[in-house]
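Here the structure comes first, spelled out in structure tokens, and everything after it is commentary.
Read the figures in this text as sums done on the coordinates, not as results from a lab. In this text the structure is predicted, and so the values were computed from the model without any measurement. Here the Cβ positions follow ideal geometry from the backbone for every residue, glycine too, while neighbour counts run over all protein chains shown.
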Amino acid sequence: MPDLKALSDKISEFEKITNYCFKDKKKLVMALTHSSFANECKDKKLVSNERLEFLGDAVLEMIVSEYIYLNSTYFTEGEMTKFRANVVCERSLAECAKSINIGSYLLLGKGEECSGGRKRTSILSDAVEALIGAIYLDGGFENAKVFILQQLEESIDGAIKGTIYTDYKTQLQEIVQRTSDHTISYEIIEEKGPDHSKMFVSQVKIDEKTVGIGKGRSKKEAEQMAAKSSLEKIKI
């Protein structure tokens, strides 16, 4: 575990930004610990934020789903699913990460630090999910809900009203399903670079025909870019 005394000032700063004070500071430190840092400090037996990210993702989906259900009475299941996807996505969470400046507080390995990890969309969005998981474990469902709605209520309302970003995968799916029964599939066809600076290449197919290829720093981003590429040239 990092020296909590040395980290105490930064922890206090970050707690003020998030408006949540952790009873167990170690949970916050875990939420801020990227796998690259944990791997470089194996002697300290650190745990990265990946497991918290898994938990936070589930808590986030539940709270956003509940909010949408209670505030969009006349919409169908499919429409509510689309609203949620527009909020619980990498881009939306990265914007949330920037608003609370979480990148400045992350514990990163040297390689990730040098390659701009503090500003990388995938790392930032994952860290927000991990933070949500940590708040849930430390303070329960209601505290997690307060944090999520403080940060994302405007985005959720915007999704319901149709005024915020719609992801390219959703746009492609809507166009294809509107005009046909074609099947859309995504596949990662290449991974390049070291672990701390991976580049993924994805292709999107309609039935068996490749209609777009995209690159990204995460698999999700690569898929989005593949969908964007297909939208620019697709003719169904």
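Counting beta carbons within 10 Å around each of Ser115, Ser185 and listing the fewest first gives the order Ser185, Ser115.
For the chain, the residue among Val64, Ile206, Thr81 whose Cα projects farthest onto the positive side of the dipole built from Cβ charges is Ile206.
The angle separating the long axis of helix 4-18 from the principal Cα axis of greatest extent in the chain is about 50 degrees. Relative to the longest principal Cα axis of the chain, at what angle does helix 50-71 sit, 0 to 90 degrees, rounded to 10? The answer is roughly 60 degrees. Taking the Cα centre of the stretch 4-161 as origin and assigning +1 to Lys and Arg Cβ atoms and -1 to Asp and Glu Cβ atoms, the resulting dipole is close to 620 debye. Only Cα pairs under 8 Å and 6+ residues apart enter the sum, and on that basis the relative contact order of the stretch 4-161 stands at 35 percent. For each pair in Lys23/Lys45; Lys26/Lys219; Lys23/Lys82; Lys119/Lys161, compute the distance between the two Cα atoms and list the pairs where it is over 27 Å. Table pairs above 27 Å Cα-Cα are Lys26/Lys219; Lys23/Lys82; Lys119/Lys161. Taking the C-alpha atoms only, the angle from helix 77-87 to the longest principal axis of the chain is near 50 degrees.
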